[in-house]
Amino acid sequence: MATADVLSELPITPLITEKHSGIPERYAEQCKQSKARLYSNKTLPPSVPRDGELPVLPPDVDRDTFNKAVAELTELLGAENIELNDKPLVDGWYMEHPNTHDAFHIVQQSELVSSATVYPGSTEDVQKIVRWANKYLIPVFPISMGRNLGYGGAAPRVRGSVIIDLGRRMNKVLKIDGNSASCIVEPGVSYFKLYEEVQKTGLPLWIDPPDVGGGSVLGNCIDRGVGYTPYGDHFANHCGMEVVLPSGEVLRTGMGALPGKNGADNPSWQAFQHAYGPSVDGIFSQSNFGIVTKMGMWLMPETGHQSYMITFPRDEDFEQIIEIIRPLALNRILGNIPQLRNVIQELAVTGKPKSFFYPGNDPMPREVIRSHAKNMPCGDVAWCFYGTVYGPEETRNMQLDIIRREFAKVPGSKFMLPDELPADHYIHSRVRVCSGTPELRELDWLNWKPNGAHLFFAPITPTKGADARVVHEIVTRLHKKWGFDSFPTWCVAGREMHYIANIVYDRADDDEKRRAIALMREMVKEAADEGYGEYRTHLIFMDQVARTYGWGDQALMRFNETIKDALDPNGILAPGRAGIWPKRFRGKGYELLPGDEKSTPP
Ligand code: EUG
């Protein structure tokens, strides 16, 4: 269907003033266009009838017990705050995503599903839910907003878990402090929302958005996500948490552990990250040890900024480029987390489908990519580097001089400023993201495939050409083997780079899904055999990835299991998240390893 026809039939995305996960007014038009492009490329019906008795039950809980438990939860929270997952599953799209399953299902849509969703309105409500879960031994799976797309979305790891949707009712920016340049957020605050709230204060502060702005600030941070201003390492810029433990007790971390005067919050809570004694914040990231209900985040004082793009013509020069990046990054001449992207992404981020460029479903040949790139603003190149420098104009210019001089050593490289590129070029979205304004544009490459979904392979390497080559060769070879276009992006922090390989697949094509899983499994294994590990992964690969961190006969996993069993003896909190299984589930067939395709135990 043509985009214009789709547009006239589609319901409008809720505004952020109407719904916590909605779109700010200023993006309403962009949002409409983005949605129309995606829906015009969708062949799947909105939903299909479901098989079997619904809702799906949690493990080892019969229907009578489940119904009794739900009745009790309804009593505790109110009927309006609990919803059974017994209706057809709707994938929706990024801005209107489900909280019942993974919108970008990579196994069958019906596999990673919840039994119900509960909506707490306060930390006290979360405590009540956790105590209830312990009474009935029902696993609960907290989500902040459920936009962890490419890593499992809103889906629980264990089928039939009760989703705790923290964000729907706990979505306030509790504080914005211009003096300490910090804020306190609840789980339901998106980057879009935090941006709007900071703007309202008029304070000269930036937030740090990731590529797309709909995610939860708190959720992304405790999943150790990445953004692109100098504050791009989200977990490194958090400051203080409030956490509900699996027992139902509440804990404050950092200076928040020391009570403020007369019941106030501690005045240093968002100023100093630590408390006295062991640093515990880290164990609540990528874990299942507690439910974070409040979190402090540092905000960056607004400053001058200048983004640029540098293109490089030869595929094989990425090693040299990375060798140039390392000292620039370590010396903070590169001011942010820059991205080195493959030229195929210049094609994909136009939002046009692969079929526009190439009729086949096999990986697009390099010559075809070249022939299209030739007609684009980047030209016939291999790599595009997107960077930004910060500070007053004089220092920016000094930094840019060094950057231009260093990258000029790569034959044929070309330096471009945003105003030398057309108004609809991706760089203008990059300018906003890298200066603290959340965006939607990055979604456009989902149009590459009909019913486009994506999965990230995200290993860490040192910022060294030789290491990058090892991973890049594995990724390139295996994408070819399994029939996928390869979309490599390096996000450079300094000493280290996150290599992001974005697998774009058709959700309606079971064979493509099977091949995407096989591709992931092999990349995880081959990279690990060479010493490279993922920083984050989709639910169904968590067991495999966790085991690759097996130094000392799985010493790290045994340590995590010891903590898990001490904090959560009944194993109710997000069993299996990050590969950590409580003893009730351990070794009973729940683990998903290479060769397993189902999320349910045998
Ligand atoms: C991206 C970056 C990530 C991630 C997922 C996607 C970027 C895509 C650095 O972390 O986890 C262009």
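The values are calculated or read from the model by the stated rules, or taken from the named source; none is laboratory data. What you see is a predicted model, and the numbers here were worked out from it, not measured in a lab. When we count neighbours, we look across all protein chains shown, and the Cβ atoms used for this are built from the backbone with ideal geometry, even at glycine. Note: areas computed on protein heavy atoms with side chains; ligands, DNA, RNA excluded. Shrake-Rupley method; radii C 1.70, N 1.55, O 1.52, S 1.80 Å.
Observations
Here is a yes/no grid of residues against (1) among the small types (Gly, Ala, Ser); (2) assigned by TED's automatic domain parsing to the domain that holds Val126; (3) away from the ligand (no atom under 16 Å from the Cβ):
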{"position": "Tyr532", "(1), (2), (3)": "no, no, no"}
{"position": "Tyr535", "(1), (2), (3)": "no, no, no"}
{"position": "Arg547", "(1), (2), (3)": "no, no, yes"}
{"position": "Gly552", "(1), (2), (3)": "yes, no, yes"}
{"position": "Phe559", "(1), (2), (3)": "no, no, yes"}
{"position": "Lys564", "(1), (2), (3)": "no, no, yes"}
{"position": "Leu567", "(1), (2), (3)": "no, no, yes"}
{"position": "Gly576", "(1), (2), (3)": "yes, no, yes"}
{"position": "Gly579", "(1), (2), (3)": "yes, no, yes"}
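- Every residue from the stretch 184-235 that is farther than 18 Å from Ile23 by Cβ, of a type in the set (A, V, I, L, M) and away from the ligand (no atom under 16 Å from the Cβ): Ile184, Val185, Leu203, Leu205, Leu218
- When Ser21, Ser34, Ser47 are checked against the criterion of being on the phi < 0 side of the Ramachandran plot and touching a Ser or Thr at 6+ places or on another chain (Cβ under 7 Å), a single residue qualifies: Ser21.
- Residue within the stretch 89-101 that is under 20 Å from Tyr119 (Cβ atoms) and of a type in the set (Phe, Trp, Tyr) present: no
- Residue check, Ala423 in the same structural domain as Arg495 (by TED's automatic domain parsing), open to solvent by 40 Å² or more (accessible area, probe 1.4 Å) and under 22 Å from Asp380 (Cα atoms): yes
- Taken over the stretch 216-258, residues that are in a loop (DSSP other than H, G, I, E, B) and over 20 Å from Ser122 (Cα atoms) amount to 11.
Yes/no per residue for (1) within 16 Å of the ligand (Cβ to nearest atom); (2) surrounded by fewer than 18 Cβ atoms within 10 Å (Cβ to Cβ); (3) farther than 20 Å from Asp444 by Cα:
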{"residue": "Gly304", "(1), (2), (3)": "no, yes, yes"}
{"residue": "Arg332", "(1), (2), (3)": "no, yes, yes"}
{"residue": "Ala348", "(1), (2), (3)": "yes, no, no"}
{"residue": "Lys352", "(1), (2), (3)": "no, yes, no"}
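Here is a yes/no grid of residues against (1) touching a residue at least 40 places away in the same chain (Cβ under 8 Å); (2) near the ligand (Cβ under 10 Å from one of its atoms):
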residue	(1), (2)
Lys464	yes, no
Glu473	no, no
Arg477	no, no
Phe487	yes, yes
Ile500	yes, yes
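- Test: Ala181 is of a type in the set (A, V, I, L, M) and within 14 Å of the ligand (Cβ to nearest atom): no
- Qualifying residue in the stretch 417-431 (condition: in contact with a His (Cβ under 8 Å, 6 or more places away or on another chain), outside any strand (DSSP E or B) and within 12 Å of the ligand (Cβ to nearest atom)): no
- Test: residue in the stretch 238-261 that is in contact (Cβ under 8 Å) with a residue 40 or more places away in the chain, surrounded by fewer than 24 Cβ atoms within 10 Å (Cβ to Cβ) and under 21 Å from Gly304 (Cα atoms): no
- Only residues that are touching a helix residue (DSSP H, G or I) at 6+ places or on another chain (Cβ under 6 Å) and more than 16 Å from the ligand (Cβ to nearest atom) were counted across the stretch 502-517, and they come to 2.
- Here Ile106 qualifies as under 24 Å from the mean Cα position of the chain (by Cα) and either not small (Gly, Ala, Ser) or not in a loop (DSSP other than H, G, I, E, B) (or both).
- Criterion (outside the structural domain of Tyr195 (by TED's automatic domain parsing), under 20 Å from Arg507 (Cβ atoms) and of a type in the set (Lys, Arg)) met by exactly one of Arg37, Arg63, Arg26: Arg37
- So Ala181, is it hydrophobic (A, V, I, L, M, F, W, C), touching a Leu at 6+ places or on another chain (Cβ under 8 Å) and over 30 Å from Gly452 (Cβ atoms): yes
- Within the set Arg396, Arg441, Arg341, the sole residue that is open to solvent by 10 Å² or more (accessible area, probe 1.4 Å), touching a residue at least 24 places away in the same chain (Cβ under 8 Å), within 31 Å of the chain's Cα centre (by Cα) and within 16 Å of the ligand (Cβ to nearest atom) turns out to be Arg441.
- Some residue of the stretch 63-75 being over 22 Å from Arg441 (Cα atoms), open to solvent by less than 60 Å² (accessible area, probe 1.4 Å) and basic (Lys, Arg): yes
- Meets criteria (within 24 Å of Leu112 (Cβ to Cβ), among the hydroxyl-bearing types (Ser, Thr, Tyr) and at pLDDT 95 or above) for Thr562: no
- Those strands (runs of 3 or more DSSP E) lying entirely in the stretch 122-201 with at least 3 residues over 22 Å from Pro24 (Cα atoms) and of a type in the set (Ser, Thr, Tyr): none
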